[in-house]
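Accompanying notes for the structure given below.
The values are calculated or read from the model by the stated rules, or taken from the named source; none is laboratory data. Here the structure is a predicted model, which means the values were calculated and not measured. Here the Cβ positions follow ideal geometry from the backbone for every residue, glycine too, while neighbour counts run over all protein chains shown. These area figures cover heavy atoms from the full protein model, side chains too; ligands, DNA and RNA do not enter into them. Shrake-Rupley method; radii C 1.70, N 1.55, O 1.52, S 1.80 Å.
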Amino acid sequence: MSEEGAAAGGAAGEGGAGDVEEFVLETAPFDPRFPNQNQTKHCYTSFLDHKRCVKARGEEFAACDYFRRVYTSLCPNAWVAKWEEQIQAGTFPGNI
């Protein structure tokens, strides 16, 4: 590495490479129930499955976290916020 590259790299990473927390991005895995490109139904179904799982098993049940990760990955944040508000207001149309 040249001195110019080392100087530029040193200035850009003042905090050091050890200060950066590694974060892995993942999308929802393939689900044969939803083979199409449009994942809207997969999003909604995963949201419902998470709420049903939490209702049946409790918040700390580890398997429910899978559904949360899937709907968090697929669903727009605005939809999730709206659905959460509807659940709180008792007007959510889904069967939980």
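Tabulated results
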| quantity | calculated |
| --- | --- |
| Subset of segment 24-59 (residues that are in contact (Cβ under 8 Å) with a residue 40 or more places away in the chain, open to solvent by 100 Å² or more (accessible area, probe 1.4 Å) and either under 16 Å from residue 74 (Cβ atoms) or part of a loop (DSSP other than H, G, I, E, B) (or both)) | 26, 27 |
| Pick from segment 60-96, criterion more than 27 Å from residue 30 (Cβ to Cβ) and not in a helix (DSSP H, G or I), ranking: least open to solvent (accessible area, probe 1.4 Å) | 92 |
